[in-house]
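Please read the structure below before turning to the comments.
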Amino acid sequence: MSGDHHHHHDHDHDDHSHLTPIEARVKALESILVAKGLVDPAALDVIIDTYETKIGPRNGARVVARAWADPAYAARLRADATAAMAELGYSGRQGEHMVTVFNDAATHHLVVCTLCSCYPWAVLGLPPVWYKSAPYRSRAVLDPRGVLAEFGVILSEAVKLRVWDSTAETRYLVIPQRPAGTEGWDEDRLANLVTRDSMIGTGLALDPPGTTA
Amino acid sequence: MNGAQDLGGQMGFGPVNPEKDEPLFHGAWEKRALAITLAAGGMGHWTIDESRHARETLHPVDYLSSSYYEIWTKGLEKLLERHGFVSAAERDAGVPLTPSTTPRRVLAADSVPTVLARGGPTSRDKTGQPRFRVGDTVRTIVISPSGHTRLPRYARGKTGVIELMHGAHVFPDSNAHGRGEQPDWLYTVAFAARELWGRDADPNSVVSIDAWEAYLEPA
C-alpha cells in the first residue's frame, strides 16, 4: 500500500487493499479465528450488540438516580455495591466487585486506571478513548485538579480530592451530588441529569433545565 | 514490569482533550477487535492477568503510539501465538496454515449474555486472617519485577493507610505467569498526595491503590 492514502467510501469492503494496516490486521485475525472454528461469528455480533445497545452509562444513571431518590438503596450501595447494583440487573464482566463512592460538599471523587483501562463496564459500558489514554492515566493521580479543570470542573481548594486508581478487579462508580432544585423528582427525571463523566468524577451532574447554577 | 503501561505520574503527554460527542467505536474494526478479544478469551486458555501482561510487554514506543484497541489487538496476537492458536506466519498469510490447539470451549452466540453477566469474579475463599485492618498504617514494598505486577511505580515504598478491605482475591503477579491464583488479601490503601509526589503536591488530595497484602508491610 502506498502512502497515497485515498479513502473511497463506495468501495468493496472485501478488498483488503483499501484497509488501513490495523483494519487489515484485525480482519485477518478474525478470518483465521473463524476459519479455525475458534470463535463463532454469531457470538461476535452478540458481543458487539450487547455493548452498543444494552450496557452503557444509562445503567449507571439508574443506579445514581435510585441512590438519590431512595436513602435505603444508597445505604445498600455503601454496604455492598455489587449486590445493590444486581438488584437493578447490572452485574458481570468488569463489574464483578463494585464499590460506590459518594461526592459531597467536602469531598470529590475521581476514578482512573493508571496501569491499563479498568472501568466499570457493567454500569458505564465501554470506556471513552480519553480514559484509556496516556494524558489522563498519567496525570489523574499527579495533578487531579488540573485534569478536572480541563473538563471544566473547578473545585474550591477546600474540597478534598479523592482519586481511586483501579489497580485490582475492584471497580469504582462515583455517585455525584444531587443537583439542587430536584426535590420530589422521580427516578426517570433524575437519571436524565446523570452524565457518564459525573460517574467517573470528571464531571458533575447536570442542573435541572431552566436553572442557573 | 516497569513498562510503558505504568503511566501514573509521567509527564509530557499534554492535555486530556476529551472528544465531544465521542462515538462508542471509531470505525468498524474497533468493534471486531473488542469482539474477537472477548470471544478468544472465552476459550479459557489465558487469564485476564496474562492478557494484561501481553499488552504491557509491547515495546514502549509501540505501546505509547497505539490506540487502546490496537494495543488489545497486538496483545491478542501474542496470546494466540503463545497458546498455539494462530502463528505469525498465519497472520502474515491471512489464512490458516497449520492445525491449532484444540480450544477448551468456543463461546457460542446464545451463551454470550450469560457469560458476560457472570463475568470473572476474582474473590476467593482463604483461610486465616488478614494481617492488617482498616485504619492501619502500612508501607508498600519496593520491587521492580520483570514480570506482571499491579503495584504501580509511583506507589512503591510509600506510607499510607488501609481504607477498605476486599477479602481475598486472585494474585495477578503469579496468575499472569501460570503460577496459580495464590489468593491474597486485598486492601484499598490511601496515600496523601504529598507522600507520593513531594512537597509541591496538592495538600488536599488523596490517592488510593488497591493493594494485595504481599505488597504491604507494617509502618
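Checking understanding here: applying a Kyte-Doolittle mean of at least 0.0 and a length along the axis of at least 20 Å (C-alpha), which whole DSSP H helices in chain A pass?
A:21-35
Round to the nearest 10 and give me the degree value, 0 to 90, for the angle of helix B:28-41's Cα axis relative to the longest principal axis of chain B.
80 degrees
Treating cross-link reach as a plain straight distance, find the lysines whose alpha-carbon is under 23 Å from the alpha-carbon of B:K31, omitting any fewer than eight places away in the same chain.
Cα-Cα hits under 23 Å: A:K27, A:K36, A:K54, A:K132, B:K20, B:K74, B:K78.
Could you state the per residue volume, in Å³, of the convex hull enclosing the Cα atoms of chain B?
174 Å³
What is segment B:108-219's relative contact order, in percent, from Cα pairs under 8 angstrom and six or more apart in sequence?
This gives 27 percent for segment B:108-219.
Can you tally the net charge around B:P113? Count Lys and Arg as +1, Asp and Glu as -1, for every other residue whose Cβ sits under 13 Å from the Cβ of B:P113.
0
Sort B:S66, A:S31 by Cβ crowding within 10 Å, fewest neighbours at the top.
With the sparsest Cβ surroundings first, the list reads A:S31, B:S66.
To one decimal place, what Kirkwood hydrodynamic radius in Å is obtained for the protein assembly as shown from all pairs of distinct Cα atoms?
For the protein assembly as shown, the Kirkwood estimate is 22.8 Å.
Suppose only helical runs count, i.e. DSSP H with n ≥ 4. What mean residue ellipticity at 222 nm does that imply for chain B under -39500 (n - 2.57) per run, divided by all residues and rounded to the nearest 500 deg cm²/dmol?
Helix contribution divided over all residues of chain B: -8000 deg cm²/dmol.
Taking the Cα centre of the protein assembly as shown as origin, work out the dipole magnitude from +1 charges on Lys and Arg Cβ and -1 charges on Asp and Glu Cβ, in debye rounded to 20.
Result for the protein assembly as shown is approximately 1180 debye, rounded to the nearest 20.
Taking amide H atoms as placed 1.01 Å from N in the peptide plane, list the residues 5 or more away in sequence, or in a different chain, whose amide H sits under 5 Å from that of A:M98.
Here A:T82, A:R171 satisfy the definition.
Taking the Cα centre as origin and putting +1 on Lys and Arg beta-carbons and -1 on Asp and Glu beta-carbons, what dipole magnitude results for segment B:133-194, to the nearest 20 debye?
Roughly 320 debye for segment B:133-194.
Considering chain B as a Gaussian network with a 10 Å cut-off on Cα pairs, which listed residue, B:H169, B:H83, B:H148, attains the greatest mean-square fluctuation?
B:H83
Anyone know which of B:P152, B:P23, B:P99 comes out most mobile in the 10 Å Cα GNM of chain B?
Top of the fluctuation ranking is B:P23.
Hey, what number do you get for chain A at 222 nm if only DSSP H runs of n ≥ 4 count, each worth -39500 (n - 2.57), divided across all residues, to the nearest 500?
-10500 deg cm²/dmol
Decide, for segment A:56-200, between rounded, prolate and oblate: order the square roots of the alpha carbon gyration tensor eigenvalues as a ≥ b ≥ c, take rounded if a/c falls under 1.5, and otherwise choose prolate if a/b is larger than b/c, else oblate.
It is oblate, given that a/c is not under 1.5 and a/b is not larger than b/c.
Let me check against my output: what whole-number percent is the relative contact order of segment B:28-118, with C-alpha pairs under 8 Å and at least 6 apart?
35 percent
Hey, what did chain A get for relative contact order, percent, Cα under 8 Å, at least 6 apart?
So the answer I get is 23 percent.
Can you list residues from other chains, or at least 5 along the same chain, whose modelled amide H is less than 5 Å from the amide H of B:D136?
Residues meeting the amide H criterion: B:I162.
Quick note: the coordinates plus some simple rules give every number you see, no bench work behind them. As the structure is a prediction and not an experimental result, all values here were calculated from the model. Virtual Cβ from ideal backbone geometry, glycine too; neighbours counted across all protein chains shown.
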